[in-house]
Amino acid sequence: MSSRVETVAPADLSPGARQLSRGITATWWYTVTAVLFIELMLVGAWTGIAVAVDLRGGSILVVGLGGVLWCASTLMLLVDYRHRVDAGPGVAWGRSAVPFVVALGYGVTAGLLVGSWQLVAMPVVQFFVLQSWPRGVRVRVVIAATFVLVALAVVDSVTGLSFGLPWWVPVIYGVMLPGMSVSSLWWWDVLVTLDRARASEAKLAATQERLRVATDVHDLQGHHLQVIALQLELAERLLPTDAGAGMAQLRAARISVDEARQGTRDLATRFRSVPLGDELANARDLLTAAGLDVEAAIDAHADSAPASALGPVIRETTTNVLRHGGGRRARLLLTRTTGAWRYEIANDAAPDAEAERAGSGLDGVRRRIEEAHGSLEVRRDADEFVVIVTVPSESEEAR
């Protein structure tokens, strides 16, 4: 199986969060580009009309360059829309003063030069469409904006200001500008909502896991501490009259302490342990998210492999690949042989990585594998660095 991700996102995010973060950024730029493209297309159309009406350079300069300035001013509205506050009205009128003045000035000036009421209203209408209205208000604003532009297009046609164009052409312009602008903003809102839902789901899962751990620890420690308290209280009563029985209760209390300590250790191990199949899948996803072309072959019964021995090895070797690899490709294999499990990870080797590979990371892997009565093989070819770990199947008892 092979997969590739071309860009590398910040390291403190999970692979899924990195992909969603990139998707949000891409959707934001798509929204900006779509809105600006619509506006520039209409400015180009009105500039062509200005050329047909008046060949003097002044009208063309006002309609064309003034339209570009108006489109640039709407970028301020889009930036405010992205960082709006949903809890409030969401309309930052103070920051919108400059775009409004530019829209009003361009609409009145260009509209009077060309002689079109629709051009007079179009920039101002777009200003109100791009505002961050509360839920339920936006639909009414878009309907009103569409009605105004379509009505003014009809007025231009009736009064002979259609410039030889069919009446339905300016009507299409009047429908397209607010409709396509608000649809782009709607797609952006959908992705932001999904991102917030993902964050809320992650927080809820973390909270539920903390509650479950706290409940288990409370039940375990509460039981043992209650037993120990009773044993010590009984020992305190028996020691003055029956020293032997009192010492027996003290020994029982010490055994209870050992049981509580072992129970806590087992509980921590149970929460820390991850099925080996999940470890390998996480390693593959992590390497893929880092931009490597990953080839993975994982045995169908990987969860039966000795996770206590191989789990830390998988994490350590994956980290080594990310730190010291050449960053183009990696190979991840886990196969079962006669009486043993064989784990192999390989990657393209960076020219200066040989000295670092011999550091404490692989030394720790070697010690862990030797404790599991396994073997470690490190091989460096001309363009590839390979780590092969073999662990006996009998070491499954140590899980």
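Take the residues in the range 172-197 that are crowded, with 18+ Cβ neighbours inside 10 Å and more than 29 Å from the chain's Cα centre (by Cα), then tell me which one is modelled with the lowest pLDDT.
Filtering the range 172-197 for residues that are crowded, with 18+ Cβ neighbours inside 10 Å and more than 29 Å from the chain's Cα centre (by Cα), the one modelled with the lowest pLDDT comes out as 173.
Could you give every pair whose Cβ atoms fall below 8 Å, whose first residue belongs to the range 146-171 and is more than 25 Å from residue 130 (Cα to Cα) and aliphatic (A, V, I, L, M), and whose second residue is modelled with pLDDT of 75 or more and not in a helix (DSSP H, G or I), counting only separations of at least 6 or pairs across chains?
161/115; 161/116
Could you grab the pairs with beta carbons closer than 8 Å, sequence gap of 6+ or different chains, first residue in the range 250-262 and within 16 Å of residue 226 (Cβ to Cβ) and among the charged types (D, E, K, R), second one surrounded by 15 or more Cβ atoms within 10 Å (Cβ to Cβ) and modelled with pLDDT under 85?
Qualifying pairs under 8 Å: 259/224.
Is the range 175-182 home to any residue that is assigned to a helix (DSSP H, G or I), touching a residue at least 40 places away in the same chain (Cβ under 8 Å), small (Gly, Ala, Ser) and farther than 30 Å from residue 266 by Cβ?
If we filter the range 175-182 for residues that are assigned to a helix (DSSP H, G or I), which is where we start, we get 175-182.
Now narrow it down to the ones that are touching a residue at least 40 places away in the same chain (Cβ under 8 Å): 176-178, 180-182.
In the following step, the residues that additionally are small (Gly, Ala, Ser) were identified as 181.
Applying the additional criterion that residues be farther than 30 Å from residue 266 by Cβ yields 181.
Scanning the range 175-182, I find at least one residue that is assigned to a helix (DSSP H, G or I), touching a residue at least 40 places away in the same chain (Cβ under 8 Å), small (Gly, Ala, Ser) and farther than 30 Å from residue 266 by Cβ, so the answer is yes.
So residue 266 passes all but one of these: (1) assigned to a helix (DSSP H, G or I); (2) outside the structural domain of residue 214 (by TED's automatic domain parsing); (3) over 23 Å from residue 379 (Cα atoms); (4) modelled with pLDDT under 80. Which condition number does it fail?
Condition not satisfied by residue 266: (2).
Can you confirm whether residue 345 is assigned by TED's automatic domain parsing to the domain that holds residue 297, modelled with pLDDT of 80 or more, touching a helix residue (DSSP H, G or I) at 6+ places or on another chain (Cβ under 8 Å) and not in a helix (DSSP H, G or I)?
Values: assigned by TED's automatic domain parsing to the domain that holds residue 297: yes; modelled with pLDDT of 80 or more: yes; touching a helix residue (DSSP H, G or I) at 6+ places or on another chain (Cβ under 8 Å): yes; not in a helix (DSSP H, G or I): yes.
For residue 345, the condition - assigned by TED's automatic domain parsing to the domain that holds residue 297, modelled with pLDDT of 80 or more, touching a helix residue (DSSP H, G or I) at 6+ places or on another chain (Cβ under 8 Å) and not in a helix (DSSP H, G or I) - is met.
The values are calculated or read from the model by the stated rules, or taken from the named source; none is laboratory data. What you are looking at is a predicted structure, and each value in this text was computed from that prediction instead of being measured. Reconstructed Cβ throughout: ideal geometry from the backbone, glycine too, with neighbour counts over all protein chains shown.
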